[in-house]
Amino acid sequence: MSFEITILGSSAAIPSKGRQMTSQHLRIGNQQFLIDCGEATQHQLLNFGISLHKIEHIFISHLHGDHFFGLPGLLSTMHLQRRTEPLYIHGPRGLDEVLLASFKHSKTELNYKVFLYDNPTMFSEVIFENEKITVETIPLTHRVPCTGFLFREKKKQYRIIPEKLPSGLPFEVFRALKRGENIEFNGDTIRYEDVTLPPRKSRSYAFCSDTKYSKSVISKVYGVDLLYHESTFMDRHKERANITYHTTAKQAGSVAKEAKVKELLIGHFSARYADLTELLEEAQTEFNNTQLAIEGQKFSIVESD
């Protein structure tokens, strides 16, 4: 099953040459999610060949414009292109007022249903789950209520070794063995440990949007496969980062190191930095396995035993 993140935008506050506002597309198996929706998000979806109609859930971290100003336009395009499938939006309290005002004054009645849910911002909570994944909020420290999102696969099933099974087993038996249950067949007990391999490891992705450097994040993202953490400033501008409730590249690397994540992805770069190499190198002084969130790049979390 695929687990792939595509960077749509990685600029902070204002766009800069070659960098758009924050947005990411996440594909897990046959489900597609959008994380934040800054300006130009729908253009980026077009540029990178992603169908906006296959997006089922949108997660908005907070109500600063560079993270949601693209949402009314995206919803309008879905409407004009005759979307019929429902859309689920998870965002901070107040997002409903913004969207309702936009559509009220443009006299737009969407021809598909939108379900809007308020994210808890003071504590972690599972805000979405299905048979395969959960999505949990990560409280962040910013100038307005803000959350990150932790996407985590549920425990996977045991893997059948076909050559170890007798012929003629009904389908229900296969399902029971994959769940880790022993079964009776033709008077014999088939132990799941004898005919299966252990489940593959569950994968995880944490998206930490705008936030002041805080150790409270560490426990929430501990051990994840891939951590995206905002890195708006260089450490020489740490005072500016503190005043504006943002994080430096060095601080992001420190979070990744202390949280023992496998890989760090940094983004939300201030427009003052034309060359992002220095941000990357600074983060790598704390955590070597760091990459830049560059528009159009895909980051896959592969399955492993």
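The values are calculated or read from the model by the stated rules, or taken from the named source; none is laboratory data. For clarity, every value in this text was computed on a predicted model and none was experimentally measured. We place every Cβ from the backbone using ideal geometry, glycine too, and count neighbours over all the protein chains shown. Just the protein is used for accessible areas: all its heavy atoms, side chains included, with ligands, DNA and RNA removed. Shrake-Rupley method; radii C 1.70, N 1.55, O 1.52, S 1.80 Å.
The chymotrypsin sites (Phe, Trp or Tyr not before Pro) of region 199-272 that meet both conditions, a loop assignment by DSSP and at most 14 other Cβ atoms within 10 Å of the site Cβ, are Tyr222. The accessible-area ordering, largest first, of the residues Met1, Met234 stands as Met1, Met234, per a 1.4 angstrom probe.
Using a 1.4 angstrom probe on heavy atoms only, work out the carbon and sulfur share of the accessible area of the chain in %. Carbon and sulfur: 50 percent of the exposed surface of the chain. Computed over the chain with a Gaussian network model linking Cα atoms closer than 10 Å, the most mobile of Leu165, Leu140, Leu52 is Leu165. Residues in region 14-20 carry Karplus couplings, in order, of 10, x, 10, 4, x, 10, 9 Hz; the curve used is 6.51 cos²θ - 1.76 cosθ + 1.60 with θ = phi - 60°, and Gly or Pro positions show x. Per residue of the chain, the DSSP helices (runs of n ≥ 4 H) give a summed -39500 (n - 2.57) that works out to -6000 deg cm²/dmol at 222 nm. Restricted to Cα atoms, region 1-109 shows a radius of gyration and a Dmax of 13.5, 43 angstrom. For region 137-277, the share of alpha carbon pairs falling in successive 10 Å distance bins from zero is 11, 31, 18, 12, 14, 10, 3, 0 percent. Along the chain, the longest continuous region that contains none of the GluC sites (Glu not before Pro) in a DSSP loop with at most 10 other C-beta atoms within 10 Å is 132-305.
Remark: relative contact order (the chain) = 17 percent; criterion is Cα-Cα distance under 8 angstrom and separation of 6 or more residues. Of Leu197, Leu95, the residue with the largest accessible area leads and the full order is Leu197, Leu95 (1.4 Å probe). Can you bin region 115-206 into rounded, prolate or oblate? Criterion: square roots of the alpha carbon gyration tensor eigenvalues sorted a ≥ b ≥ c, rounded for a/c under 1.5, prolate for a/b above b/c, oblate for the rest. Since a/c reaches 1.5 and a/b is larger than b/c, the shape of region 115-206 is classed as prolate. Note on the chain: the C-alpha convex hull projects to 18.2 nm² when averaged across all orientations. For region 227-305 versus region 113-151, the inter-centroid distance based on Cα atoms is 22 Å. Here the Gaussian network model covers the chain, with springs between Cα atoms less than 10 Å apart; of Asp210, Asp66, Asp188, Asp188 fluctuates the most.
Take every Cα pair under 8 Å in region 1-62 that's 6+ residues apart, average their separations, divide by the length, and report that relative contact order as a whole percent.
That works out to 29 percent.
For Lys238, the lysines whose Cα comes closer than 26 Å to its Cα, not counting residues fewer than 8 places off in the same chain, are Lys17, Lys212, Lys215, Lys220, Lys250, Lys257, Lys260, Lys262. The mean accessible area for residues of the chain, using a 1.4 Å probe and ignoring ligands and nucleic acids, is 48 Å² per residue.
Mean sequence separation of contacting Cα pairs (under 8 Å, at least six apart), scaled by the length of region 181-270, corresponds to a relative contact order of 29 percent. Looking at region 156-190, the trypsin sites (Lys or Arg not before Pro) that sit in a DSSP loop and have at most 16 other Cβ atoms within 10 Å of their own Cβ are Lys156, Arg179.
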